Amino acid sequence: MAVRFTLSVMIGKVWWPAALTALMVVGALAVSVCAPAVAAPASATQVRLYLLDKIARGEIPGALVEVAGPAGRWSTAEGFAADRPPRPMSTTLQHRIGSITKTFTTTLVLQLVREGKVALDDPIARYVDGVPGGSSITVRMLGDMTAGLSEYLGSPALRKALFANPYRNWTTNELLSASYALGPEFAPGASSSYSNANTVVLGRLVENVDRTPFAVSLRNRILRPYGLTNTYYPTTNRFRGAHTDGHTAWLPGSPITDSTDWNPSYGNAAGQMVSTIGDLTRWVRLLGTGALVGPRLQAERLRWKPIGDNTATWHYTFGIEENSGWLGHNGEIFGYETYAVYHPRLRSSIVLAVNTDKRIGTEPAVNVILRDISGMLFPGHRVEVPVVG
């Protein structure tokens, strides 16, 4: 799997060393704060101690975890949501979910397919003007990352502007123009490579076919009907409720920086959304069971091609990562990381969120943590997140 070209950013804050005394108090409170719906699994203590160790080592400021399955649901909140002043994590806090947004965007496209308004093997030029090679790039290729459009975050000019003013609002045209200016990464369908530009184009498809802004289609088709009341597509840099604070390590020449109010618009339909671990638990089950698209389209959705980054154990389907039996997606945006996965055979899910993008070694923190805690929670069914870096 290729290293994701994502961005995130932080402030000169040192959460952990100064907070270690208070941390154990916060950890002791976490179970009562999260009020699990069922008795905690036998591995719950092991997971909590693991997370507290990560916090004590300074690898993350805080973490949220929710596990659900046939026996019920359990969640925990460890560490700090904010550090000045210190505020403990809570399982009800809103969190930027980055590329998990792609699972919503691609589901909207499949709903349009189910209604006969779009066909997966149609050229994107039928729905969106101006895409280079649009007569050869299909809707399916954009969804499964085989279209060849270059990653707009790879544009030096865009990156420079992004870091120069992280509060700037980015338009869809600006992001796609940056991608198109780089030229194609490969011929349509010739390989597989993760690119935010692919999903941004699909967001524009949704707007053009539905004839409404993307946020309206999302609310009317998914969020409202399925009761995802704490999930939304923000149109500003502000949260709508209590939230985790983001801490980023990506700002060139700077230490950890507070990125809470940085504008997420550079994520667009590929990474702009906000949610909670409770809503994501509901969502990833809907996603993994195909409840919004039906069995036939779910089977189409999970088709993949053995090219590029794709392997038998990890491959990218239509807006979903399939990983050793688990279906879902990771997400990263300035100062925030998230992972949500569902295992159809186990009928179980894991949602993980941390409020930093600081690497553990060379890897995103959620990759390392999900790989480890999934083995504790589901022995023999670890989420084998590929090692990157």
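Remark: pairs (first residue in segment 85-103, within 18 Å of Ala242 (Cα to Cα); second residue surrounded by fewer than 20 Cβ atoms within 10 Å (Cβ to Cβ) and among the basic types (Lys, Arg); Cβ separation under 9 Å; 6+ apart in sequence or on different chains) = Gln94/Arg240. Within segment 120-161, the set of residues being assigned to a loop (DSSP other than H, G, I, E, B), among the hydrophobic types (A, V, I, L, M, F, W, C) and under 22 Å from Glu174 (Cβ atoms) comprises Val128, Val131, Ile137, Met145, Ala147, Leu149.
Just one of (1) in contact with a Cys (Cβ under 8 Å, 6 or more places away or on another chain); (2) at pLDDT below 90 fails for Asp83. It is (1). The residue of segment 105-135 that is farthest from Arg211 (Cα to Cα), among those that are of a type in the set (Asp, Glu) and in contact with a strand residue (DSSP E or B) (Cβ under 9 Å, 6 or more places away or on another chain), is Asp121.
Say we look at segment 87-117 and pick out the residues that are among the hydroxyl-bearing types (Ser, Thr, Tyr) and in a helix (DSSP H, G or I); which of these is farthest from Arg221 (Cα to Cα)? Before the answer, list the steps.
Taking segment 87-117 first, the residues among the hydroxyl-bearing types (Ser, Thr, Tyr) are 90-92, 99, 101, 103, 105-107.
After this cut, where a residue has to be in a helix (DSSP H, G or I) as well, the list is 99, 101, 103, 105-107.
On the way: Ser99: 19, Thr101: 14, Thr103: 14, Thr105: 11, Thr106: 12, Thr107: 10 Å.
Per the stated criteria, the residue is Ser99.
Could you tell me which residue of segment 176-225 is nearest to Arg282 (Cα to Cα), considering only residues that are in a helix (DSSP H, G or I) and β-branched (Val, Ile, Thr)? Restricting to residues being in a helix (DSSP H, G or I) and β-branched (Val, Ile, Thr), the top hit is Ile222.
Give Ile277, Ile256, Ile222 a once-over and let me know the one that is at pLDDT 95 or above, aliphatic (A, V, I, L, M) and touching a strand residue (DSSP E or B) at 6+ places or on another chain (Cβ under 8 Å). Reasoning before the result, please.
Details: Ile256 fails: at pLDDT 95 or above; Ile222 fails: touching a strand residue (DSSP E or B) at 6+ places or on another chain (Cβ under 8 Å).
Among Ile277, Ile256, Ile222, only Ile277 is at pLDDT 95 or above, aliphatic (A, V, I, L, M) and touching a strand residue (DSSP E or B) at 6+ places or on another chain (Cβ under 8 Å).
Answer yes if at least one residue in segment 322-340 is part of a loop (DSSP other than H, G, I, E, B), surrounded by fewer than 24 Cβ atoms within 10 Å (Cβ to Cβ) and free of Cβ contacts under 8 Å to residues at least 40 places away in the same chain, and no otherwise. No; the residues of segment 322-340 include none that is part of a loop (DSSP other than H, G, I, E, B), surrounded by fewer than 24 Cβ atoms within 10 Å (Cβ to Cβ) and free of Cβ contacts under 8 Å to residues at least 40 places away in the same chain. Scanning segment 135-176 for residues that are in contact with a helix residue (DSSP H, G or I) (Cβ under 8 Å, 6 or more places away or on another chain), of a type in the set (Gly, Ala, Ser) and under 24 Å from Trp262 (Cβ atoms) returns Ser150, Ser155, Ala157. The condition of being touching a residue at least 24 places away in the same chain (Cβ under 8 Å), of a type in the set (Ser, Thr, Tyr) and over 23 Å from Thr231 (Cβ atoms) does not hold for Thr276.
Taking the criterion of being under 25 Å from Arg126 (Cα atoms), buried (at least 16 other Cβ atoms within 10 Å of the Cβ), hydroxyl-bearing (Ser, Thr, Tyr) and more than 21 Å from the chain's Cα centre (by Cα), the residues of segment 138-185 that qualify are Thr138, Tyr180.
Could you tell me whether segment 266-288 includes any residue that is among the polar types (S, T, N, Q), outside any loop (DSSP other than H, G, I, E, B), farther than 19 Å from Leu93 by Cα and under 13 Å from the mean Cα position of the chain (by Cα)? I'd like the intermediate steps shown before the answer.
Initially, segment 266-288 is screened for residues among the polar types (S, T, N, Q), giving 268, 272, 275-276, 281.
Keeping just the survivors that are outside any loop (DSSP other than H, G, I, E, B) gives 268, 275, 281.
This time we only want the ones that are farther than 19 Å from Leu93 by Cα, so: 268.
Still in the running and under 13 Å from the mean Cα position of the chain (by Cα): 268.
Checked segment 266-288: at least one residue is among the polar types (S, T, N, Q), outside any loop (DSSP other than H, G, I, E, B), farther than 19 Å from Leu93 by Cα and under 13 Å from the mean Cα position of the chain (by Cα).
Looking only at residues in segment 67-94 that are closer than 30 Å to Leu297 by Cα and not hydrophobic (A, V, I, L, M, F, W, C), the one that is surrounded by the fewest Cβ atoms within 10 Å (Cβ to Cβ) is Pro70.
The values are calculated or read from the model by the stated rules, or taken from the named source; none is laboratory data. The structure presented is a predicted model; accordingly, all values stated were derived computationally and were not measured. Using ideal geometry, Cβ is built from the backbone for each residue, glycine included, and neighbour counts are taken over all protein chains shown.
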